[in-house]
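Below is one structure; the comments refer to it alone.
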Amino acid sequence: MDFKQLEAFVYVIRLGSFSRAAEQLFLTQPTISTHIKALEEELGTQLVVRTSKEARPSERGSMLYEYALDMLCLRDSAIAACARPDGGALCGTVAVTASTVPCQHVLP
C-alpha cells in the first residue's frame, strides 16, 4: 500500500468516479483503476463498488476511506513540519466555492 494508491482511492470515493478522480490527479483513468485494483488485491477485499454511473465504497471501503484520510493528512503534516522553520504542522481542508465560469476556468 502506498500513498499514490490511497490518494487515488480517496479521490474515487470523494468524486464517485474513476475518470473524475483521474482528471483531478492529472493521471489516466487506467492508472487510477490499476491503483485501486492493486490496493484491493493487497487487502484481499473489494473496496469500491462499481456501477455504470458511479463508484461508491463497499463496507470495507468506507472503513479504509477514514483511515486513508488520516494517513494522507498525517503525511501532509509531516511534510509541512519538515518544511517550516519552527517545526509546526498544519493540516485541514479549505473549501473554495465559485460560480461556474471561475470554477471551470480560473480555479483549476
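The values are calculated or read from the model by the stated rules, or taken from the named source; none is laboratory data. On a predicted model such as this, the values are computed, not experimentally measured, just so you know. Neighbour counts run over all protein chains shown; Cβ positions are idealised from the backbone, glycine included. Accessible surface areas use protein heavy atoms only, side chains included; no ligands, DNA or RNA. Shrake-Rupley method; radii C 1.70, N 1.55, O 1.52, S 1.80 Å.
Filtering segment 56-69 to residues that are under 13 Å from the mean Cα position of the chain (by Cα) and either among the acidic types (Asp, Glu) or buried (at least 16 other Cβ atoms within 10 Å of the Cβ) (or both) leaves Pro57, Gly61, Leu64, Tyr65, Glu66, Ala68. For Glu40, the conditions (1) buried (at least 16 other Cβ atoms within 10 Å of the Cβ); (2) under 12 Å from the mean Cα position of the chain (by Cα); (3) without any contact (Cβ under 8 Å) to a residue 40 or more places away in the chain all hold with the exception of (2). Condition first: modelled with pLDDT under 95 and part of a loop (DSSP other than H, G, I, E, B). Now tell me which residues in segment 29-57 satisfy that. Listed by number, the residues that qualify are Thr51, Ser52, Lys53, Glu54. Only one of the numbered conditions (1) more than 14 Å from Leu72 (Cα to Cα); (2) open to solvent by 80 Å² or more (accessible area, probe 1.4 Å) is violated by Met1, and that is (1). Hey, any hits in segment 52-67 for a residue that's without any contact (Cβ under 8 Å) to a residue 12 or more places away in the chain and within 19 Å of Thr93 (Cα to Cα)? Yes, some residue in segment 52-67 is without any contact (Cβ under 8 Å) to a residue 12 or more places away in the chain and within 19 Å of Thr93 (Cα to Cα). Taking segment 28-50 as the range and being aliphatic (A, V, I, L, M) and farther than 18 Å from Met1 by Cα as the test, only Val49 passes. Only one of the numbered conditions (1) at pLDDT 90 or above; (2) in contact with a helix residue (DSSP H, G or I) (Cβ under 7 Å, 6 or more places away or on another chain); (3) surrounded by 15 or more Cβ atoms within 10 Å (Cβ to Cβ) is not met by Ala89, and that is (1). Please count how many residues of segment 15-27 are open to solvent by 50 Å² or more (accessible area, probe 1.4 Å) and either assigned to a loop (DSSP other than H, G, I, E, B) or under 20 Å from Met1 (Cβ atoms) (or both). So the count comes out to 2.
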